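The values are calculated or read from the model by the stated rules, or taken from the named source; none is laboratory data. Nothing here was measured: the structure is a model prediction, and the numbers come from that model. Positions of Cβ are generated from backbone atoms using ideal geometry, with glycine treated the same way; all protein chains shown enter the neighbour counts. In case anyone asks, the SASA skips ligands and DNA or RNA and just uses the protein heavy atoms, side chains included. Shrake-Rupley method; radii C 1.70, N 1.55, O 1.52, S 1.80 Å.
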Amino acid sequence: MRVTVGDVRPAGFEEAYRAQLARWPGGAAAWQPVHTVYVPADRFSAATVAEWGEEALALAEAHLAGPGELAEVFEVAEGLAPAVRERVVGKLAREPVEDLRIDFEDGYGVRAAAEEDGHVEAAAEAVAAMREAGTLPRRWGLRVKSFADGDAGRSVRTLDGFLTEVVARAGELPPGFVVTFPKVLMAAYLRQFAAVLDRLESRLGVAGLRFEMQVEAPQTLGFLRGDLAESLGGRLSAAHFGVFDHTAALGLPPQEQRLDHPACDHARHVMQVAFAGTGVELSDGSLAAAPASGSAADVRALWRRHAGLVRHSLRHGFHQGWDMHPSHLVSRFATVYAFHLATYDDYRARVRAWEERRGAGGGVMDEPATVRTLAAALRRADAALS
């Protein structure tokens, strides 16, 4: 082979390549929760997680007596239903909540300063007690008020007071902490919030404070871009979609404020494009509904509705969402488990065929990118099913 230009890399290549690796490190976390449970701060206690699990398990045992009921309610193949039901019941008994957020924003409302300060202290005390008892979820944290509401001082005071109390009571900041930053209408708010975390780390002697932004306004979509996470010094851990504020801001009628509306699909796709390869996790939003009553008909109707939305999220590449009521835990875990189990054996066979340099059969011709996607899906399934 004749080389005419020599073995000289183009000017500026090394700098550009380093920038690429910093901006798009690729890969994914070893584990991402399948949901985030939001509990208003004034209703949160050290017993909340256990109470949610007990209520969800009671609903499952009352209204999903066997695999046949589960198959019918959640549209699960009959052959998979026994394994799905067993996993759901076991999960609710063992770990009903993977990610917990104590809500000081919309679910909590505006309170007198002294009242919110009191709930901050009580929440920190409950977290320390859960840490001591071994019941603190693998990921946990709080949602503060938005800077867009015009009172950034209240937001920072709540976060500062909560972290100060938790560290003082627990002796350290327990692992898994993240803070949710809502209604980000200005990109400047992200930089300001990251600076707040810088100061808190220095003052409290902790490290690795990260936050997740909420994408819940059309204005936010305009400044989502590939270098956003890099510009925040690695503090941005996730982006969570907010269906109700987003659809309201677009002027959609109340009956169209739903996760599977095309406007929400568009917003989620913008989030995917902006954060692809950055390592920023993505989460879908919530269903703001609970069973109309404790009857089997009403509980199952809620489950069917929620399961349909969870399937919609999963098909669109959003593997996490918000759960707002104990009944949602049943439909969340049942749908997630069925989603992964339905394809697991096929995906594994195709990856093995590729590794062994043979055809997968059935007319399938997998591209390298597809094989990487299959392997990633298996890793995600292993984490979700464990």
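Only one of the listed residues (ALA288, ALA263, ALA292) is at pLDDT below 95 and within 25 Å of GLY107 (Cα to Cα). That residue is ALA288. ALA81 falls short of the stated requirement of being small (Gly, Ala, Ser) and surrounded by fewer than 18 Cβ atoms within 10 Å (Cβ to Cβ). Cβ-Cβ distances below 6 Å connect the following pairs, each with a first residue in region 168-190 that is within 20 Å of VAL39 (Cβ to Cβ), a second residue that is open to solvent by 60 Å² or more (accessible area, probe 1.4 Å) and modelled with pLDDT of 95 or more, and a separation of six or more residues or different chains: ALA170/ARG131; PRO174/ARG131; GLY176/ARG138; VAL178/ARG210. Quick check on GLU75: is it in contact (Cβ under 8 Å) with a residue 12 or more places away in the chain, over 22 Å from the mean Cα position of the chain (by Cα) and open to solvent by 30 Å² or more (accessible area, probe 1.4 Å)? So GLU75 passes the test.
Quick check on region 59-70. Is at least one of its residues buried (at least 23 other Cβ atoms within 10 Å of the Cβ), in contact with a strand residue (DSSP E or B) (Cβ under 6 Å, 6 or more places away or on another chain) and at pLDDT 95 or above? No, that holds for no residue.
Restricting region 214-255 to residues that are among the aliphatic types (A, V, I, L, M) and out of contact with any strand residue (DSSP E or B) (no Cβ under 8 Å at 6 or more places or on another chain), which is farthest from ALA194 (Cα to Cα)? Here the answer is LEU252. Restricting region 338-360 to residues that are open to solvent by less than 40 Å² (accessible area, probe 1.4 Å) and farther than 22 Å from HIS312 by Cβ, the residue that is nearest to the chain's Cα centre (by Cα) is VAL351. All of ALA369, ALA288 fail the test of being in contact (Cβ under 8 Å) with a residue 24 or more places away in the chain, farther than 23 Å from VAL89 by Cβ, of a type in the set (A, V, I, L, M) and open to solvent by 40 Å² or more (accessible area, probe 1.4 Å), apart from ALA288. Taken together, the criteria place ALA307 among residues that are open to solvent by less than 40 Å² (accessible area, probe 1.4 Å), hydrophobic (A, V, I, L, M, F, W, C), touching a residue at least 12 places away in the same chain (Cβ under 8 Å) and in a helix (DSSP H, G or I). If we keep just the residues of region 194-234 that are under 16 Å from the mean Cα position of the chain (by Cα) and not aliphatic (A, V, I, L, M), which is surrounded by the most Cβ atoms within 10 Å (Cβ to Cβ)? Ranking the qualifying residues of region 194-234, first place goes to GLU216. Does ALA93 meet the test of being of a type outside the set (Ser, Thr, Tyr), within 30 Å of ASP160 (Cβ to Cβ), in a helix (DSSP H, G or I) and open to solvent by 40 Å² or more (accessible area, probe 1.4 Å)? So ALA93 fails the test.
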